[in-house]
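Inspection log for the structure reproduced underneath, given as structure tokens.
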Amino acid sequence: MLKLTESYGDRPEGELPPLFQRILQNTIRDYYRRSRIRATWTPLAGSFGRQGSEEDDFDILDTAEDLGEGKVTSPLPDMQLNQKQTLEQIEVALQSLPSRQREAFLLRYWEEMDVAETAQIMGCSEGSVKTHCSRAVRALANKLGDRGLQS
């Protein structure tokens, strides 16, 4: 309803119900798209969590920074090495993407920005953002799958 009032508050009352339905449908569709993408990456990212940790706000990027600085102490050195190598493979896969795809992917899925915010930052249309993200996800899934990293 906030999106409706912010964007279409000046419209006649008769136009509001169909606009509201369209906004609601798009919001639900975006939610499920994001869920599907997160479901792809969450099992992989979940393997980086600290065992025995009760933290609900785990962030893979924090772990990546910790691993890079050698701060994480894992009960099994081979597990820590495996996590570090996996993060390196993900970073290499991200770096191999074209810059626009990488930018769209990181803004949408790591920074959790919506399509409109991402389009504004990138200076392109929302459709372009969706296309870049779709291609990036497909490319990353292929590259990481080839390296044995699958969800």
Q) Across the range 88-136, which residue is nearest to Y31 (Cα to Cα) among those that are open to solvent by 30 Å² or more (accessible area, probe 1.4 Å), free of Cβ contacts under 8 Å to residues at least 40 places away in the same chain and of a type in the set (S, T, Y)? A) S134
Q: Mind counting the residues in the range 9-33 that are open to solvent by less than 70 Å² (accessible area, probe 1.4 Å) and among the hydroxyl-bearing types (S, T, Y)?
A: 1
Q) Any idea which of (1) open to solvent by less than 30 Å² (accessible area, probe 1.4 Å); (2) more than 17 Å from R36 (Cα to Cα); (3) aliphatic (A, V, I, L, M) is the one A139 doesn't satisfy? A) (2)
(Q) Among the residues of the range 40-48, are any open to solvent by less than 80 Å² (accessible area, probe 1.4 Å), modelled with pLDDT of 75 or more and of a type in the set (A, V, I, L, M, F, W, C)? (A) no
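The values are calculated or read from the model by the stated rules, or taken from the named source; none is laboratory data. For clarity, every value in this text was computed on a predicted model and none was experimentally measured. As a convention, Cβ positions derive from the backbone with ideal geometry for all residues, glycine included, and neighbour counts pool all protein chains shown. Please note that ligands, DNA and RNA were not included when accessible areas were found on the heavy atoms of the full protein model with its side chains. Shrake-Rupley method; radii C 1.70, N 1.55, O 1.52, S 1.80 Å.
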